[in-house]
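What follows is one structure encoded as structure tokens, with my remarks underneath.
The values are calculated or read from the model by the stated rules, or taken from the named source; none is laboratory data. Predicted model only: the values in this text are computed from it and were never measured. Glycine gets a Cβ as well: all are built from the backbone with ideal geometry, and neighbour counts include every protein chain shown. To get the accessible areas, we keep the full protein, side chains included, count just its heavy atoms, and leave off ligands, DNA and RNA. Shrake-Rupley method; radii C 1.70, N 1.55, O 1.52, S 1.80 Å.
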Amino acid sequence: MQHDPYGADAAFYDAIHDGFRDDIDLWLAYAGRTDRPVLEVGCGTGRIAVELAAHGHEVTGIDPSPAMLARARRKAEERGLDVRFIEGRVLDLALDRGRYGLIVLPLDVFLYCRDGDEQRWTLSALAEALSFDGVLAIDLPGPGAWLDPSTNGQPVLAFAGETDEGIRFECWHVHEDDLAEQVRTLRVAYETVDDDGTVRRRTAVHRLRYVGRWEMEYLLEAAGLDLADLFGDYDLSPLTGGSERMLVIARRRPA
């Protein structure tokens with residue numbers, strides 16, 4: 001059986017992320033500018049893909065996690081929506097050339113590319129999948145949320161709450177940041193307590209390869225894309241040294 005890289009996260013993902021809607025209106029606005037299908041890369045449990053479909057867009061979501069996709073499919077079915085979900089990573093799939101008017105890589109998904117080469121190859125594949133007037137949107141950490149080795153090894157309570165099934169849990173993060181490699185190794189622990197007081201822990205390890213503004217521009221250029229806009233938040237404010245997000249908007253370079 002193939003290992004699910006996000007199997008430990010899937011049961012708790014919605015409790016942590018479903019309340020986050022800061023980006024939804026922005027992706028809806030960009031989707032409203034095209035009559036072509038929309039592709040979400042790293043769709044997880046369907047938070048964005050299902051919302052786009054609910055507003056009448058033809059949506060495809062791809063993700064390497066069968067556990068995440070099972071939840072996404074269930075959400076779409078419960079709302080009577082037709083969303084195409086595909087298991088896999090960009091470089092493992094044959095995406096239709098020129099099909100998509102909007103491709104979205106939300107909330108740090110791009111950082112899961114292993115290194116600069118994989119980032120460039122991924123961008124090249126997505127450029128081929130864009131329509132001639134399509135838009136590629138990438139949501140990255142901004143300068144204000146950059147790697148921070150000074151806090152390496154410090155446990156942080158990232159979330160405390162309960163799942164839809166009523167299971168109470170705490171989510172703990174511990175990171176190890178390597179500035180030379182621009183890599184964060186993030187260890188996530190999900191702790192639940194049984195009725196008899198037994199503490200159970202599920203853990204996941206994620207490797208995130210960070211990328212800065214100028215490096216991102218070079219990667220886009222190498223992939224045949226042009227930077228169209230750069231923002232520091234979902235309200236389209238300018239990117240500054242304190243911006244928590246960096247939103248990269250790119251288009252295919254004219255032939």
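Annotations
- Residues of region 135-160 with an amide N closer than 20 Å to a point placed 7 Å from the Cα of Thr240 along the Cα-to-Cβ direction: 140-147.
- Relative to the longest principal axis of the Cα atoms of the chain, the long axis of helix 66-78 makes an angle of roughly 80 degrees.
- Extension gain, Thr34 to Arg200: 0.36 nm times the residue separation minus the Cα-Cα distance gives 55.1 nm.
- What region 148-255 shows is 59 Å² of accessible area per residue, with the surface traced by a 1.4 Å probe over protein heavy atoms.
- Note on Ala255 and Arg74: with the Förster distance fixed at 51 Å, the Cβ-Cβ geometry gives a FRET efficiency of about 0.75.
- For the chain, the longest principal axis of the Cα atoms and the long axis of helix 7-17 meet at an angle of about 80 degrees.
- At R0 = 41 Å, FRET efficiency that the Cβ-Cβ distance of Asp96 and Ala158 yields, to 0.05: 0.65
- Site pair Trp146 and Val174 shows an inter-label distance of 2.7 nm when each label is modelled 7 Å from Cα along Cα→Cβ.
- Of all DSSP beta bridges confined to the chain, the antiparallel ones make up roughly 70%.
- Solvent-accessible ranking of Glu77, Glu191, Glu244, largest area first, probe 1.4 Å: Glu77, Glu244, Glu191
- Among the protein heavy atoms of region 97-191, carbon and sulfur supply 49% of the accessible surface, probe 1.4 Å, non-protein parts ignored.
- Taking a ≥ b ≥ c as the square roots of the eigenvalues of the alpha-carbon gyration tensor, region 50-173 is classed oblate because a/c is 1.5 or more while a/b is no larger than b/c.
- Alpha-carbon centroids, region 39-93 and region 120-169: separation in whole Å: 16
- Considering only Ser131, Leu147, Phe169, and ranking their Cα positions along the charge dipole of region 113-255 that arises from unit charges at the beta-carbon of Lys, Arg, Asp and Glu, the one farthest toward the positive end is Ser131.
- Amide H to amide H, with H built 1.01 Å from N, Phe85 comes under 5 Å of Gly61, counting only residues 5 or more places away or on other chains.
- Residue order by solvent-accessible surface for Ser243, Ser124 is Ser124, Ser243, largest first, with ligands and nucleic acids left out and a 1.4 Å probe.
- Taking the chain as a Gaussian network of alpha-carbon nodes connected by springs under 10 Å, the highest mean-square fluctuation of the residues Ala94, Ala145, Ala11 belongs to Ala94.
- Heavy atoms of Asp178 accessible to a 1.4 Å probe, total area in Å² rounded to 10: 70
- In terms of its alpha-carbon gyration tensor, region 47-91 comes out oblate; a/c meets the 1.5 threshold, while b/c is at least as large as a/b.
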